[in-house]
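Worksheet: one structure, shown below.
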Amino acid sequence: SFKDTNGDGIGDINGIIEKIPYLRELGIDFIWINPIYKSPQVDGGYDISDYQVIDEMFGSLEDFKNY
């Protein structure tokens with residue numbers, strides 16, 4: 001669901017941040033993102049195991065704070 005910025009094949013927080021200006025140009029003022037919290041990934045990330053930790057496959061808390 002996100003743009004992959006580190007080449008691992010998984011979209012990440014930095015990919016979202018990178019595309020925000022483009023989305024604004026399109027007139028989009030709201031986006032819904034898939035879960036980014038720590039998860040065993042049994043059901044696409046909706047099986048969150050820790051609501052206080054960003055899953056490292058998507059980035060870090062510092063990346064999220066930049067968002």
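The table below gives the values:
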{"read-out": "Listed residues 27, 44, 11, most fluctuating in the chain (Gaussian network, C-alpha, under 10 Å)", "value": "27"}
{"read-out": "Top of 31, 17, 48 by mean-square fluctuation, Gaussian network on the chain, Cα under 10 Å", "value": "31"}
{"read-out": "Shape box of the chain [Cα atoms, principal axes, largest first, Å]", "value": "36, 23, 21"}
{"read-out": "Loop GluC sites (Glu not before Pro), segment 5-67 (other Cβ atoms within 10 Å of the site Cβ: 10 or fewer; DSSP)", "value": "56"}
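Laboratory data are not the source of any read-out in this text; all were calculated from the coordinates shown. Values in this document were obtained by computation on a predicted structure and should not be read as measured data. Methodologically, a virtual Cβ is constructed for each residue, glycine included, from the backbone with ideal geometry; neighbour enumeration extends over all protein chains shown.
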